[in-house]
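**Student:** Can you keep this structure in mind? I'll have questions shortly.
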Amino acid sequence: MECKWELTYILRERTQIQKFMKKIIKLTAMALCTLALCLTSCSKDNDMTDAEKNAIQALNNITGNYKGNLATKYGTTIIVWPDVNWNVDKNSTITVNNFPYQLLADGVSKKSASSLYTTLANEKQRPLKLYITTVQPQDNKVFFNLSSNFKFDITTANETYELAGAVSFNNKQFNSSYTMNTSEMQMRFTIYKLVKINKAHATAVLQEEFDIPVSFYLEGYKM
(Lines give C-alpha, C1' and ligand atoms only; values in the text may rest on other atoms or scores of the structure.)
Protein backbone atom coordinates (compact mmCIF):
# COMPACT_ATOMS: atom_id res chain seq x y z
CA MET A 1 0.00 0.00 0.00
CA GLU A 2 2.85 2.35 0.87
CA CYS A 3 4.55 1.76 -2.51
CA LYS A 4 1.30 2.33 -4.30
CA TRP A 5 0.77 5.62 -2.43
CA GLU A 6 4.33 6.74 -3.22
CA LEU A 7 3.84 5.91 -6.90
CA THR A 8 0.58 7.87 -6.95
CA TYR A 9 2.30 10.81 -5.24
CA ILE A 10 5.22 10.72 -7.70
CA LEU A 11 2.86 10.63 -10.69
CA ARG A 12 0.86 13.53 -9.27
CA GLU A 13 4.01 15.56 -8.69
CA ARG A 14 5.24 14.79 -12.20
CA THR A 15 1.90 15.94 -13.67
CA GLN A 16 2.06 19.20 -11.72
CA ILE A 17 5.66 19.76 -12.82
CA GLN A 18 4.69 19.13 -16.45
CA LYS A 19 1.82 21.62 -16.18
CA PHE A 20 4.14 24.15 -14.57
CA MET A 21 6.75 23.68 -17.31
CA LYS A 22 4.11 24.09 -20.02
CA LYS A 23 2.99 27.34 -18.39
CA ILE A 24 6.60 28.58 -18.23
CA ILE A 25 7.16 27.70 -21.90
CA LYS A 26 3.92 29.45 -22.90
CA LEU A 27 4.79 32.61 -20.95
CA THR A 28 8.30 32.60 -22.39
CA ALA A 29 6.93 32.29 -25.93
CA MET A 30 4.53 35.18 -25.30
CA ALA A 31 7.35 37.30 -23.93
CA LEU A 32 9.52 36.55 -26.96
CA CYS A 33 6.66 37.47 -29.32
CA THR A 34 6.11 40.74 -27.46
CA LEU A 35 9.82 41.50 -27.61
CA ALA A 36 9.88 40.75 -31.34
CA LEU A 37 6.97 43.12 -31.96
CA CYS A 38 8.64 45.84 -29.92
CA LEU A 39 11.90 45.40 -31.77
CA THR A 40 10.08 45.49 -35.12
CA SER A 41 8.20 48.65 -34.11
CA CYS A 42 11.38 50.29 -32.89
CA SER A 43 13.15 49.26 -36.07
CA LYS A 44 10.41 50.87 -38.16
CA ASP A 45 10.63 54.06 -36.08
CA ASN A 46 14.40 54.11 -36.46
CA ASP A 47 14.09 53.61 -40.23
CA MET A 48 11.94 56.75 -40.60
CA THR A 49 13.66 59.94 -41.70
CA ASP A 50 13.22 63.21 -39.83
CA ALA A 51 11.17 64.55 -42.75
CA GLU A 52 8.76 61.60 -42.50
CA LYS A 53 8.42 62.03 -38.74
CA ASN A 54 7.75 65.75 -39.18
CA ALA A 55 5.12 65.04 -41.85
CA ILE A 56 3.32 62.56 -39.57
CA GLN A 57 3.39 65.04 -36.70
CA ALA A 58 2.08 67.77 -39.01
CA LEU A 59 -0.86 65.59 -40.09
CA ASN A 60 -1.60 64.79 -36.44
CA ASN A 61 -1.73 68.52 -35.71
CA ILE A 62 -4.16 69.15 -38.58
CA THR A 63 -6.58 66.36 -37.58
CA GLY A 64 -9.82 67.62 -36.05
CA ASN A 65 -13.16 69.38 -36.59
CA TYR A 66 -13.39 72.88 -38.04
CA LYS A 67 -15.94 75.62 -38.52
CA GLY A 68 -15.69 78.65 -40.76
CA ASN A 69 -16.85 80.35 -43.95
CA LEU A 70 -16.82 79.28 -47.56
CA ALA A 71 -16.39 81.95 -50.22
CA THR A 72 -16.83 81.26 -53.92
CA LYS A 73 -15.73 83.38 -56.86
CA TYR A 74 -16.71 83.13 -60.51
CA GLY A 75 -15.71 85.96 -62.80
CA THR A 76 -15.84 89.07 -60.63
CA THR A 77 -18.69 87.85 -58.40
CA ILE A 78 -17.98 86.66 -54.84
CA ILE A 79 -20.50 84.81 -52.64
CA VAL A 80 -19.87 83.98 -48.97
CA TRP A 81 -21.45 80.84 -47.47
CA PRO A 82 -21.25 81.11 -43.63
CA ASP A 83 -21.08 78.46 -40.90
CA VAL A 84 -19.51 75.62 -42.86
CA ASN A 85 -18.18 72.62 -40.93
CA TRP A 86 -15.50 70.20 -42.03
CA ASN A 87 -13.36 67.43 -40.63
CA VAL A 88 -9.81 66.21 -41.21
CA ASP A 89 -9.25 62.58 -40.22
CA LYS A 90 -6.11 60.53 -39.61
CA ASN A 91 -6.21 59.20 -43.18
CA SER A 92 -5.66 62.73 -44.56
CA THR A 93 -9.26 62.92 -45.78
CA ILE A 94 -11.02 66.29 -45.61
CA THR A 95 -14.81 66.03 -45.51
CA VAL A 96 -16.70 69.29 -46.00
CA ASN A 97 -20.20 68.78 -44.60
CA ASN A 98 -23.16 70.13 -46.58
CA PHE A 99 -21.02 71.45 -49.42
CA PRO A 100 -23.20 73.70 -51.68
CA TYR A 101 -22.79 71.91 -55.01
CA GLN A 102 -25.41 74.25 -56.50
CA LEU A 103 -22.73 76.96 -56.59
CA LEU A 104 -21.10 75.04 -59.46
CA ALA A 105 -24.00 76.22 -61.63
CA ASP A 106 -22.27 79.60 -61.72
CA GLY A 107 -19.62 77.98 -63.90
CA VAL A 108 -22.14 77.63 -66.74
CA SER A 109 -22.41 80.82 -68.79
CA LYS A 110 -25.50 79.80 -70.79
CA LYS A 111 -27.68 79.70 -67.66
CA SER A 112 -31.30 78.97 -68.59
CA ALA A 113 -30.34 77.64 -72.03
CA SER A 114 -28.30 74.83 -70.46
CA SER A 115 -29.59 71.57 -69.01
CA LEU A 116 -26.33 71.29 -67.04
CA TYR A 117 -27.02 74.65 -65.39
CA THR A 118 -30.50 73.50 -64.34
CA THR A 119 -29.14 70.21 -63.00
CA LEU A 120 -26.40 71.87 -60.95
CA ALA A 121 -28.66 74.65 -59.68
CA ASN A 122 -31.05 72.03 -58.28
CA GLU A 123 -28.33 70.02 -56.55
CA LYS A 124 -28.64 69.54 -52.79
CA GLN A 125 -25.97 70.19 -50.21
CA ARG A 126 -23.99 67.10 -49.24
CA PRO A 127 -20.45 66.11 -48.26
CA LEU A 128 -17.45 66.93 -50.41
CA LYS A 129 -14.32 64.83 -49.95
CA LEU A 130 -10.83 66.11 -50.68
CA TYR A 131 -7.51 64.54 -49.78
CA ILE A 132 -4.24 65.93 -48.48
CA THR A 133 -1.55 64.63 -50.82
CA THR A 134 1.63 66.27 -49.49
CA VAL A 135 2.57 68.39 -46.48
CA GLN A 136 5.36 70.87 -45.84
CA PRO A 137 5.86 71.81 -42.16
CA GLN A 138 7.46 75.22 -41.77
CA ASP A 139 7.93 77.04 -38.45
CA ASN A 140 4.46 77.71 -37.06
CA LYS A 141 2.61 76.59 -40.20
CA VAL A 142 1.85 73.42 -42.09
CA PHE A 143 1.42 73.96 -45.83
CA PHE A 144 -0.30 71.22 -47.80
CA ASN A 145 -1.57 70.24 -51.24
CA LEU A 146 -5.03 68.91 -52.02
CA SER A 147 -6.08 66.17 -54.42
CA SER A 148 -6.60 67.35 -58.00
CA ASN A 149 -10.09 65.91 -58.46
CA PHE A 150 -13.34 65.03 -56.71
CA LYS A 151 -16.60 63.36 -57.71
CA PHE A 152 -20.27 63.30 -56.81
CA ASP A 153 -23.42 61.56 -58.04
CA ILE A 154 -26.14 63.25 -60.06
CA THR A 155 -29.71 61.96 -60.26
CA THR A 156 -32.18 63.46 -62.71
CA ALA A 157 -35.63 62.38 -63.86
CA ASN A 158 -34.04 60.47 -66.73
CA GLU A 159 -30.73 59.11 -65.48
CA THR A 160 -28.14 58.72 -62.75
CA TYR A 161 -24.48 59.42 -63.42
CA GLU A 162 -21.31 60.72 -61.81
CA LEU A 163 -19.69 64.10 -62.25
CA ALA A 164 -15.94 64.32 -61.75
CA GLY A 165 -14.45 67.73 -61.11
CA ALA A 166 -10.91 68.70 -62.02
CA VAL A 167 -9.25 70.95 -59.44
CA SER A 168 -6.43 73.43 -60.00
CA PHE A 169 -4.51 75.62 -57.58
CA ASN A 170 -3.60 78.55 -59.83
CA ASN A 171 -0.17 77.02 -60.49
CA LYS A 172 0.76 77.48 -56.85
CA GLN A 173 1.99 74.58 -54.76
CA PHE A 174 1.12 74.34 -51.06
CA ASN A 175 -1.50 77.10 -51.26
CA SER A 176 -3.51 75.59 -48.38
CA SER A 177 -2.26 75.89 -44.82
CA TYR A 178 -2.80 75.30 -41.11
CA THR A 179 -1.46 77.74 -38.51
CA MET A 180 -0.62 75.91 -35.30
CA ASN A 181 -0.73 78.69 -32.70
CA THR A 182 -4.19 79.88 -33.84
CA SER A 183 -5.58 76.51 -35.11
CA GLU A 184 -6.68 78.25 -38.32
CA MET A 185 -7.01 76.40 -41.61
CA GLN A 186 -7.18 77.96 -45.07
CA MET A 187 -7.93 76.04 -48.26
CA ARG A 188 -8.06 77.39 -51.79
CA PHE A 189 -8.95 75.49 -54.94
CA THR A 190 -10.52 76.15 -58.34
CA ILE A 191 -12.83 73.79 -60.22
CA TYR A 192 -12.18 74.34 -63.90
CA LYS A 193 -13.62 71.24 -65.55
CA LEU A 194 -16.50 68.79 -65.11
CA VAL A 195 -16.66 65.36 -66.72
CA LYS A 196 -19.82 63.27 -66.95
CA ILE A 197 -19.08 59.61 -66.21
CA ASN A 198 -21.60 56.94 -67.12
CA LYS A 199 -20.42 53.73 -65.49
CA ALA A 200 -23.11 51.60 -67.13
CA HIS A 201 -21.91 52.57 -70.61
CA ALA A 202 -18.26 53.13 -69.63
CA THR A 203 -18.20 56.65 -71.09
CA ALA A 204 -16.64 59.92 -69.95
CA VAL A 205 -17.83 63.13 -71.60
CA LEU A 206 -16.37 66.57 -70.97
CA GLN A 207 -19.10 69.05 -70.03
CA GLU A 208 -18.20 71.91 -72.33
CA GLU A 209 -21.06 74.04 -71.00
CA PHE A 210 -19.10 74.37 -67.76
CA ASP A 211 -16.92 77.15 -69.15
CA ILE A 212 -16.24 79.48 -66.19
CA PRO A 213 -13.80 78.31 -63.49
CA VAL A 214 -15.30 78.49 -60.00
CA SER A 215 -12.89 79.17 -57.12
CA PHE A 216 -13.51 78.29 -53.48
CA TYR A 217 -11.88 79.74 -50.36
CA LEU A 218 -12.47 77.86 -47.13
CA GLU A 219 -11.27 79.48 -43.91
CA GLY A 220 -12.02 78.50 -40.34
CA TYR A 221 -10.79 77.37 -36.94
CA LYS A 222 -10.52 74.07 -35.14
CA MET A 223 -13.37 73.58 -32.68
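**Student:** Within the range 53-72, is there a residue that is in a strand (DSSP E or B), surrounded by 12 or more Cβ atoms within 10 Å (Cβ to Cβ) and among the β-branched types (Val, Ile, Thr)?
**Tutor:** From the range 53-72, those in a strand (DSSP E or B) are 64-72; that's our starting set.
Pick out the ones that are also surrounded by 12 or more Cβ atoms within 10 Å (Cβ to Cβ) and you get 64-72.
Okay, now just the ones that are also among the β-branched types (Val, Ile, Thr), so 72.
Looking for residues that are in a strand (DSSP E or B), surrounded by 12 or more Cβ atoms within 10 Å (Cβ to Cβ) and among the β-branched types (Val, Ile, Thr), one finds at least one in the range 53-72, hence yes.
**Student:** From VAL88, VAL96, which residue is in contact with a helix residue (DSSP H, G or I) (Cβ under 9 Å, 6 or more places away or on another chain) and modelled with pLDDT of 95 or more?
**Tutor:** VAL88
**Student:** Hey, another quick one. Checking the conditions here, which among THR133, THR160 is in contact with a Phe, Trp or Tyr (Cβ under 9 Å, 6 or more places away or on another chain) and under 27 Å from LYS199 (Cβ atoms)? So that I can check it myself, show each step before the final result.
**Tutor:** On the way: THR160 fails: in contact with a Phe, Trp or Tyr (Cβ under 9 Å, 6 or more places away or on another chain).
Being in contact with a Phe, Trp or Tyr (Cβ under 9 Å, 6 or more places away or on another chain) and under 27 Å from LYS199 (Cβ atoms) holds for just one of THR133, THR160, which is THR133.
**Student:** For the range 100-147, enumerate the residues that are farther than 24 Å from ASP50 by Cα and in a strand (DSSP E or B).
**Tutor:** VAL108, ARG126, PRO127, LEU128, LYS129, LEU130
**Student:** Evaluate the following for LYS53: is it modelled with pLDDT of 80 or more, under 30 Å from THR190 (Cα atoms) and of a type in the set (D, E, K, R)? Give the steps one after another, and end with the answer.
**Tutor:** On the way: modelled with pLDDT of 80 or more: yes; under 30 Å from THR190 (Cα atoms): no; of a type in the set (D, E, K, R): yes.
So LYS53 does not fit the description; no.
The values are calculated or read from the model by the stated rules, or taken from the named source; none is laboratory data. Everything numeric here is computed off the predicted structure, so don't read it as measured data. Glycine also receives a Cβ, built like all others from the backbone with ideal geometry; neighbour counts cover every protein chain displayed.
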